[in-house]
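Have a look at the structure below before the remarks.
The values are calculated or read from the model by the stated rules, or taken from the named source; none is laboratory data. Values in this document were obtained by computation on a predicted structure and should not be read as measured data. Quick reminder, even Gly has a Cβ in these numbers, built from the backbone with ideal geometry, and neighbours come from all protein chains shown. Each accessible area value is taken on the protein alone, full model and side chains, heavy atoms only, with ligands, DNA and RNA left out. Shrake-Rupley method; radii C 1.70, N 1.55, O 1.52, S 1.80 Å.
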Amino acid sequence: MNNRLKIAIQKSGRLSEQSKKLLRDCGIRFSNGKQALIASSGNFPLDLLYLRDDDIPRYVEDGTADIGILGENVLIESALPLRTVRKLGFARCRLSLAIPKSENYNDPAFFEGRKIATSYPKILTNFLNDKGINANIHRISGSVEIAPNIGLADAVCDIVSSGSTLFSNGLKEVERILESEAILIARDRLPAEKEVILESLLFRLESVLQAQANKYVVLNAPNDKLESISNILPGMRSPTVVPLAEKGWSALHSVLPENLFWNLIDELRQAGAEGILVMPIEKMIR
Ligand code: PRP
Ligand code: ZN
């Protein structure tokens, strides 16, 4: 019974497609949960439970699932003592306070005595307590952003990602309460057999996430420039250098963090690199 790990992921919503893609990139095959609430992988000891994201912390806590992928915002709101195993780098968003565009706003005192609609009453309460503000928190579980338009609230506290939901409801973001992204969570103590499966899943996750964060770079350079170029592009251990057919020239292969890409490309060109190719990496094991 303990020889499979159960992972809860969002059935539909902002995280669901990327959660499934991440597991598939890890080489795990499963059916996609359009109808069924549970799917079993045939090539990895993992069962998937498709759930509402807000329910995931409770199900991981009570053992219905062992691990889960959800927004950090949902975990914090749950206030359950679960372990964050790995930040996953997608579904970045923030929890913000927003008010109708036409209102003037200076500072959080705006919210004194106002009615705020939210699905995040605990986080919002903490924020308001910190600022010493008394407001009337109205808890609703979906479509929070329409509350001001139908006269249900003066403001909302909700997730903002692209900002288009706020925009199309005539609202403006005035305070950012917290930043969030997708995370992998687990119950504090899993049976040893399940920890072993989690470890092997984490090994695969790491290689996929590392690969996404890096690029494979190939460039040509005159041999006398190779050393200074290698210093800019240290790679995993050191760059690979292979001679070109043209005498005095070499090709250098290396790996570059995605977030440094544009800065380093300028440096490389100044150092004498040319014919620079940058390619995605599928898996990366350090
Ligand atoms: C949030 C929020 C908005 C939307 C904002 O829902 O409630 O509906 O995302 O995104 P945008 O700024 O790109 O328009 P979320 O998917 O977090 O969750 P829910 O459906 O579980 O409430
Ligand atoms: Zn939700």
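In region 109-123 there is at least one residue matching the filter, namely being within 14 Å of ligand 1 (Cβ to nearest atom), without any contact (Cβ under 8 Å) to a residue 60 or more places away in the chain and of a type in the set (S, T, N, Q).
Every residue, every condition in (1) within 30 Å of Gln18 (Cβ to Cβ); (2) modelled with pLDDT under 95, yes or no:
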{"position": "Leu198", "(1), (2)": "yes, no"}
{"position": "Trp262", "(1), (2)": "yes, yes"}
{"position": "Ile265", "(1), (2)": "yes, yes"}
{"position": "Arg269", "(1), (2)": "no, yes"}
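Of the listed requirements (1) more than 19 Å from Ala186 (Cβ to Cβ); (2) in contact (Cβ under 8 Å) with a residue 40 or more places away in the chain; (3) open to solvent by 30 Å² or more (accessible area, probe 1.4 Å); (4) away from ligand 2 (no atom under 16 Å from the Cβ), Arg4 misses just one: (1). So, Phe30, is that one open to solvent by less than 30 Å² (accessible area, probe 1.4 Å), aromatic (Phe, Trp, Tyr) and touching a residue at least 24 places away in the same chain (Cβ under 8 Å) or not? It is false that Phe30 is open to solvent by less than 30 Å² (accessible area, probe 1.4 Å), aromatic (Phe, Trp, Tyr) and touching a residue at least 24 places away in the same chain (Cβ under 8 Å). Does at least one position in region 212-221 carry a residue that is open to solvent by 30 Å² or more (accessible area, probe 1.4 Å) and over 22 Å from the mean Cα position of the chain (by Cα)? Checking region 212-221: at least one residue is open to solvent by 30 Å² or more (accessible area, probe 1.4 Å) and over 22 Å from the mean Cα position of the chain (by Cα). Restricting attention to region 138-180, the residues that are in contact (Cβ under 8 Å) with a residue 60 or more places away in the chain, open to solvent by 50 Å² or more (accessible area, probe 1.4 Å) and away from ligand 2 (no atom under 16 Å from the Cβ) add up to 4. Exactly one residue out of Ala91, Ala98, Ala109, Ala117 is outside any strand (DSSP E or B) and surrounded by 15 or more Cβ atoms within 10 Å (Cβ to Cβ), and it is Ala91. Among the residues of region 124-137, those that are open to solvent by 40 Å² or more (accessible area, probe 1.4 Å) and of a type outside the set (Asp, Glu) comprise Thr125, Asn126, Asn129, Lys131, Gly132, Asn134, Asn136, Ile137. Among the residues of region 146-162, those identified as among the aliphatic types (A, V, I, L, M) and touching a Ser or Thr at 6+ places or on another chain (Cβ under 8 Å) are Val156, Ile159, Val160. For region 181-195, the candidate set comprises residues that are open to solvent by less than 30 Å² (accessible area, probe 1.4 Å) and charged (D, E, K, R); within that set, the residue that is farthest from Leu80 (Cα to Cα) is Lys194.
Cβ-Cβ contacts under 9 Å between residues 6 or more apart (or on different chains), taken from a first residue in region 220-247 that is assigned to a loop (DSSP other than H, G, I, E, B) to a second residue that is of a type in the set (Lys, Arg) and open to solvent by 80 Å² or more (accessible area, probe 1.4 Å), are listed as Met236/Arg286. Exactly one residue among Asn104, Asn73 is within 17 Å of the chain's Cα centre (by Cα) and of a type in the set (S, T, N, Q), and that residue is Asn73.
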